[in-house]
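Asks: Let me begin by handing over the structure; questions about it come next.
Taken together, the values in this text are just the output of simple stated rules run on the coordinates, not laboratory data. What you see is a predicted model, and the numbers here were worked out from it, not measured in a lab. All Cβ positions, glycine included, derive from the backbone under ideal geometry; neighbour counts span all protein chains shown.
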Amino acid sequence: MQHIIPQVLGVINNSHYLYRMTILRAISLLAPVMGSEITCSKLLPVVITVAKDRVPNVKFNVAKVLQSLIPVVDQSVAEKMIRSSLVELAEDPDVDVRFYASQALQSIDGVMMSSYRYLSIGGSIPEICCQILSGRLGLRRHTKKQLREGRK
């Protein structure tokens, strides 16, 4: 793996936009396999740099890749680095770039809202599990007979 990433990232400066788009696709496929640390240190900075490309197709593919990186990186990285790049793309003159950047921003907001929901109902995972087991989250208990009959 240590040999693949430098070779892949070396093509990102190619003058032809199709090469840059191919590398963006490769980054979106490599990131989940490489994990958060390598994605944040090696892959994400390249994607953020390419966000300033002059070709709209490259920029809206950057927005798509950034959206795909949200589940791979830590929330703080998504909130700081990815969001700031997407906000810039959301103000791009090209309508497609703005569209995909807005979609990606909604994904970040969705991740943040789901995290807030977990924190608001109990805090940590063990606390949430205890609440579920004790029935304090409003989950109904069903008898075996009700479950067999399909009633809730």
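Asks: Taking region 70-100, which GluC sites (Glu not before Pro) meet the DSSP loop condition and have no more than 15 other C-beta atoms within 10 Å?
Replies: In loop regions of region 70-100 (DSSP not H, G, I, E or B), the sparsely surrounded GluC sites (Glu not before Pro) are E91.
Asks: I've got another one for you. Based on Cα coordinates alone, diagonalise the gyration tensor for region 53-115, multiply each eigenvalue by 5, take square roots, and list the semi-axes in whole Å, largest first.
Replies: 20, 11, 9
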